[in-house]
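Beneath this line is the structure, given in structure tokens, with notes to follow.
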Amino acid sequence: LQNNIEKLETYLARFRETGVLNQIGGKACPAASGATFETTSPVDDSLICKVARGDAADIDAAARAAKEAFPAWRDLAATERKKILHKIADGIVARAEEIAFCECWDTGQALRFMSKAALRGAENFRFFADKAPGARDGQALPSPTLMNVTTRLPIGPVGVITPWNTPFMLSTWKIAPALAAGCTVVHKPAEFSPVTARILMEIAEEAGLPKGVWNLVNGLGEEAGKALTEHPDIKAIAFVGESRTGSMIMRQGAETLKRVHFELGGKNPVIVFDDADLDRALDAAIFMIYSLNGERCTSSSRLLVQDTIAEEFEARLIDRVNNIKVGHPLDPKTEIGPLIHKTHFDKVTGYFEIARQDGATIAAGGSRVGTEGCFVRPTLFTGANNAMKIAQEEIFGPVLTSIRFGSEEEALRIANDIPYGLTGYVWTNDLTRALRFTNALEAGMIWVNSENVRHLPTPFGGVKASGIGRDGGDWSFEFYMEQKHIGFAT
Ligand code: NAD
């Protein structure tokens, strides 16, 4: 751990000196107003560095740079775009340790997960690099009098707004397909975790990305974020964050008719039937809520467990949860680090009292760890019902709410009785039931007898309050590109 902390200091030294700057038209710059805000580490609340606090003026400059760079980037041979995106992936791999260390310190996420997240970022670039040459492919749809052909063109400069949970990986997930499609980008990262977005941007320009193709404006959501969603030169907004922010963005973008793509919140059920492989179900249920600090949109934060096995399953769960290692994010043994920020820590720990008031049992955890930083003990609520706030609201921490059910019908009713619909996890060895249940479960993504395993060609996204649109495979291009039809008289 001591080694890692010393290494971290070498990576952070330059940020401590210059702060995190914006990048507009290929130039590193402070906010036009000179304003800054501070990013702190949730490990000990210490200052990491100052960050440029961009506002509408900086967004305007970045949008103009993205507009100017657009025609040349759009018209560049797709094979050239492919080469540059692969070089970005190479750059990420080369700096994976720096990215992981900075992300751990900025977000509180444990190193064991963040070192993988950095490499997943590289994979996102490689995947979309390889898809770039086929992005414009269309169809021939001949009619008796016309040869109709379709093609796709990039929509133009786009805005990308990302949240603070796994910020590096999520930024690559949104920006790689935009660049592969031929769009230019203005990125507004989350104010709680700005450091790795800056590193990513530098890697991209070092890889030969032309100036202005990717611009970075740091700032607050209600200032820089809002201005980005309202800017007339920005044709679409790819947003990842809370459902209520999605609603705001839709309103803000209405005047300029923005196309929007939303990856929003979740309160995802993991449903365990008594005929399931309970050892595997237990491992997966634990992994899906207690990894990444539970600050994960796809986390299985509601456990629906059949009453015939509930007592034993919950007892085993309690035992395992009490043994999860909470600690310094740069300690390779740590499973749960501190939550992102004091504000979020207050929100998550506030649910301990809500659970008590609602009459649930705190079967494990339910308290902070130590007196410094944003550390909480992994927590399990039992004796809950689906009407309780702890069952309905996205807590976004290492907190699991267990609800018992009797029949399959009851499990389905509880699973669907929620505003969200991002993911679902079903554990049963009855194939017919799995088919029946997944067909009726209201979620954009469902895994049967598996935790969440991402496969990049598959569609990623949610229904209900969990999102609009899909990412992954060709779905990403549908968002970043416009279909065009041309009919030739024959
Ligand atoms: P958030 O909505 O508070 O912030 C996300 C981003 O939006 C930040 O960059 C913020 O500055 C910006 N923003 C805030 N107000 C804005 C406004 N009025 N206009 C424009 N931009 C604005 O979300 P968060 O707390 O950073 O992230 C956690 C949330 O993200 C959780 O709800 C989680 O489920 C969700 N999330 C969803 C997915 C998914 O794929 N569905 C993935 C990761 C996170």
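The values are calculated or read from the model by the stated rules, or taken from the named source; none is laboratory data. All figures in this text were calculated on a predicted structure; none of them were measured in a lab. Positions of Cβ are generated from backbone atoms using ideal geometry, with glycine treated the same way; all protein chains shown enter the neighbour counts.
Here are some notes:
- Criterion: under 20 Å from the mean Cα position of the chain (by Cα) and crowded, with 24+ Cβ neighbours inside 10 Å - qualifying residue of F125, F113: F125
- Residue in the stretch 323-340 that is part of a helix (DSSP H, G or I), on the phi < 0 side of the Ramachandran plot and touching a residue at least 24 places away in the same chain (Cβ under 8 Å) present: no
- Single residue of the stretch 263-275 satisfying the filter (more than 14 Å from R296 (Cα to Cα) and surrounded by 24 or more Cβ atoms within 10 Å (Cβ to Cβ)) that is farthest from the ligand (Cβ to nearest atom): V272
- Qualifying residue in the stretch 269-278 (condition: touching a Pro at 6+ places or on another chain (Cβ under 6 Å) and closer than 29 Å to G108 by Cβ): no
- Verdict on T361 being of a type in the set (V, I, T) and under 26 Å from the mean Cα position of the chain (by Cα): no
- Residue list for the stretch 1-36, filter: closer than 23 Å to G219 by Cβ, touching a Leu at 6+ places or on another chain (Cβ under 7 Å) and either aromatic (F, W, Y) or assigned to a loop (DSSP other than H, G, I, E, B) (or both): P30
- Pairs linking a residue in the stretch 455-484 that is closer than 19 Å to R120 by Cα and of a type outside the set (D, E, K, R) to a residue that is within 16 Å of the ligand (Cβ to nearest atom) and part of a helix (DSSP H, G or I), with Cβ atoms under 6 Å and 6 or more positions apart or on different chains, are P459/W475; S476/P177.
- Look at the stretch 225-252: where a residue is at pLDDT 95 or above and a partner is more than 8 Å from the ligand (Cβ to nearest atom) and polar (S, T, N, Q), sitting 6+ places away or on another chain with Cβ atoms under 6 Å, you get P232/T256.
- Annotation: R280 fulfils all but one of (1) of a type in the set (K, R); (2) over 25 Å from N449 (Cβ atoms); (3) away from the ligand (no atom under 13 Å from the Cβ); the unmet one is (2).
- So F437, is it more than 16 Å from the ligand (Cβ to nearest atom) and of a type in the set (F, W, Y): yes
- Residue, surrounded by the fewest Cβ atoms within 10 Å (Cβ to Cβ), within the stretch 412-452, restricted to residues that are within 19 Å of S299 (Cβ to Cβ) and among the small types (G, A, S): S450
- The C-beta contact set for the stretch 273-292 (first residue closer than 20 Å to E408 by Cβ, second residue part of a helix (DSSP H, G or I), distance under 6 angstrom, 6+ apart or interchain) comprises D274/T308; D274/I309.
- When the stretch 33-61 is filtered for residues that are touching a Phe, Trp or Tyr at 6+ places or on another chain (Cβ under 9 Å) and over 30 Å from I336 (Cβ atoms), the ones remaining, listed by number, are A52, R53.
- Single unsatisfied condition, T151 versus (1) out of contact with any strand residue (DSSP E or B) (no Cβ under 6 Å at 6 or more places or on another chain); (2) among the hydroxyl-bearing types (S, T, Y); (3) farther than 30 Å from R296 by Cα: (1)
- Residue count for the stretch 93-104, restricted to those that are in a helix (DSSP H, G or I) and over 18 Å from the mean Cα position of the chain (by Cα): 6
- Just one of the listed residues (F113, F168) is within 16 Å of the ligand (Cβ to nearest atom), more than 30 Å from E222 (Cα to Cα) and in contact with a helix residue (DSSP H, G or I) (Cβ under 7 Å, 6 or more places away or on another chain), and it is F113.
- Any hit, the stretch 207-220, residues being over 30 Å from T401 (Cβ atoms), touching a residue at least 60 places away in the same chain (Cβ under 8 Å), under 16 Å from the mean Cα position of the chain (by Cα) and within 11 Å of the ligand (Cβ to nearest atom): no
- Flag if G241 is surrounded by fewer than 24 Cβ atoms within 10 Å (Cβ to Cβ), under 16 Å from V260 (Cβ atoms), within 12 Å of the ligand (Cβ to nearest atom) and not aromatic (F, W, Y): yes
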